[in-house]
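Peer 1: Take a look at this one; I'll ask things after.
The values are calculated or read from the model by the stated rules, or taken from the named source; none is laboratory data. These numbers were taken from a predicted model, which means no experiment stands behind them. We place every Cβ from the backbone using ideal geometry, glycine too, and count neighbours over all the protein chains shown. Ligands, DNA and RNA are excluded from the accessible area calculation, which covers all protein heavy atoms including side chains. Shrake-Rupley method; radii C 1.70, N 1.55, O 1.52, S 1.80 Å.
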Amino acid sequence: MPTSSNVIHLASNNVWPFALREGGYILVDAGLDGDLGGIEAWDALVEQARGIGFAPSDVRAVVVTHEHIDHAGLAARWAAEGAHIVAARAAWPALVAGYAGYWAQRNARLEELRRHGCPEDAVEAMAEAGTRLDLRWESCPAHALEDAAERSTFALADGRTLRLIATSGHTPGHLVAFVDETGELCSGDALLPTTIPTPGLQFPGVIAGAGLSGSGDAPRWPSLPPFLASVEAIAALRPTRILPGHGDAVEAPARLIEQFVTHHARRARQVRDALASGEALCAHEIARALFPRLTGARIAQAMIEVIGHLDCLEADRLVRCESAGGVLRYALDS
Ligand SMILES: [Zn+2]
């Protein structure tokens, strides 16, 4: 019997509330902060919460599935309301850095695309597409944060238990929330109903302040290898229903997981095939070979997935990477 039909919609994002046994509520995701076309996100959230039957002061804890602006933007506001902000340790630097970290990471991402051979017009298109100036991300005070690894279970009303499970990949600090008794899974952005979530290009060191200038000198965190392992771990939970970070609940999770796995198996093959001639190629050349018609931000997005699969090949020691003329090139290691 599904138990979480309650959902709060903020633009395309979902916030999932659960009643706690001790009284009050726990939310999965903080929600985004900004002006939603005439209404502030916070006001929209409070209005919908009232419709469900709770007020902000009833919220004891807010779980942040991951350190992205549209899931964590309101964390500081919830902290100010007295809620504990529960997040994976790896997400903390981004939650504390707020918009400054978001911006630094965005700049590092653009620089990384250039290092992988992305032409300037596509970098610029990506910069424009990724600029969400309409969203805010206030810094969350560190004292409000609780480590999801230490406080990982919450007793829900009716005897159910909400369990937080680390699922790094979409970000280093990604987690999912699982209801053991019903098999419901709040998937954050690990699994989404209408798209295969991006592994992104991630620079935890840049966010942590090692290079807030966004110079891209902090190493990139290879995200796809752990992402694939995390989805495998989610599959092993055999969820019965997925409550995603965006879009409608998914009643057939096995099929969704299968789509994710098939998608990446195919992409892994395509990337290997593109390298089969033995010539050293950059991620842009590989993405062009796979998707000859894509341009602008879409080819840059395709590159991000290709880079993820190059990370997988590198982790398995199947490719070697060298820098030639400032561009990273990959060749199969024979
Ligand atoms: Zn995300």
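Peer 1: Considering only protein heavy atoms, what is the solvent-accessible area of Cys282 at a probe of 1.4 Å, reported in Å² to the nearest 10?
Peer 2: 10 Å²
Peer 1: Which one of Ser223, Tyr99, Pro119 is farthest out on the positive end of the charge dipole of region 8-266, using unit charges on Cβ (Lys, Arg +1; Asp, Glu -1) and the Cα centre as origin?
Peer 2: Selected residue: Ser223.
Peer 1: Let me know the whole percent of all Cα-Cα pairs from region 1-104 that are separated by more than 23 Å. List each step's numbers first, then the result.
Peer 2: Values: 1172 of 5356 pairs.
Tail of P(r) above 23 Å: 22 percent of Cα pairs.
Peer 1: In addition: Per residue of the chain, what 222 nm ellipticity follows from adding -39500 (n - 2.57) for every DSSP H run with n ≥ 4, rounded to the nearest 500? Walk me through the intermediate numbers first.
Peer 2: Numbers: 11 runs with 122 residues, N = 334.
Dividing the helical sum by the residues of the chain leaves -11000 deg cm²/dmol.
Peer 1: Starting from the residue with the highest accessible area, list Thr240, Thr182, Thr65 in decreasing order, probe 1.4 Å. Can you show the working numbers first?
Peer 2: Details: Thr240 75, Thr182 35, Thr65 0 Å².
Per-residue accessible area, sorted high to low, gives Thr240, Thr182, Thr65.
Peer 1: I've got another one for you. Can you run phi through the Karplus equation (6.51, -1.76, 1.60; θ = phi - 60°) for region 95-103 and list ³J(HN,Hα) in whole Hz, with x for Gly and Pro?
Peer 2: Running phi through 6.51 cos²θ - 1.76 cosθ + 1.60 with θ = phi - 60° gives 5, 6, 6, x, 4, 4, x, 4, 5 Hz.
Peer 1: By accessible area of protein heavy atoms, probe 1.4 Å, what ranking do Met126, Met303 get, highest first?
Peer 2: Met126, Met303
Peer 1: Could you tell me the accessible area of Cys321 in Å² (1.4 Å probe, neighbours in place), rounded to the nearest ten?
Peer 2: Near enough 50 Å² of accessible area.
Peer 1: Something else about it: Per-residue HN-Hα couplings for region 29-36, Karplus 6.51 cos²θ - 1.76 cosθ + 1.60 at θ = phi - 60°, whole Hz, x for Gly and Pro?
Peer 2: Ordered by residue, 3J(HN,Hα) equals 5, 7, x, 8, 10, x, 8, 9 Hz.
Peer 1: Using alpha carbons only, how many degrees (0 to 90, rounded to 10) separate the axis of helix 41-52 from the longest principal axis of the chain?
Peer 2: 50 degrees
Peer 1: Given q = 0.14 Å⁻¹, what are the Debye log10 I(q)/I(0) values for region 84-221, with equal point scatterers placed on the Cα positions and solvent ignored?
Peer 2: Calculated log10 I(q)/I(0) at the listed q: -0.75.
Peer 1: Hey, got a sec? Which trypsin sites (Lys or Arg not before Pro) in region 121-206 land in a DSSP loop and have at most 14 other Cβ atoms within 10 Å? Don't skip to the end; give the middle numbers.
Peer 2: Working: sites: Arg132, Arg136, Arg151, Arg160, Arg163; in loops: Arg132, Arg151, Arg160.
Hits after loop and neighbour filter: Arg151.
Peer 1: Additional query: Using the scaling law 2.2 N^0.38 Å as the reference, what is the normalised Cα Rg of region 172-264?
Peer 2: Numbers: Rg = 15.2 Å, N = 93, 2.2 N^0.38 = 12.3 Å.
For region 172-264, the normalised Cα radius of gyration comes out at 1.23.
Peer 1: Further, regarding this structure: With every protein chain left in place, what is the accessible area of Asp121 in Å² (1.4 Å probe, nearest 10)?
Peer 2: 100 Å²
Peer 1: Computed over the Cα atoms of region 126-181, what is the convex hull's projected area averaged over all directions, in nm²?
Peer 2: 6.4 nm²
Peer 1: So, one more: Most mobile of Glu67, Glu120, Glu112 per a Gaussian network model of the chain (Cα springs, under 10 Å)?
Peer 2: Answer for the Gaussian network model of the chain: Glu120.
Peer 1: Rounded to the nearest angstrom and ordered from largest down, what semi-axes does the equivalent ellipsoid of the chain get from its C-alpha gyration tensor (root of 5λ)?
Peer 2: Over the Cα atoms of the chain, the ellipsoid semi-axes are 35, 22, 17 Å.
Peer 1: What share of the DSSP beta bridges in the chain is antiparallel, in percent to the nearest 5? Please list the in-between numbers first.
Peer 2: Values: 32 of 46 bridges.
Antiparallel bridges make up about 70 percent of those DSSP assigns within the chain.
Peer 1: Distance between the C-alpha centers of region 72-140 and region 277-334? Whole Å please.
Peer 2: 25 Å
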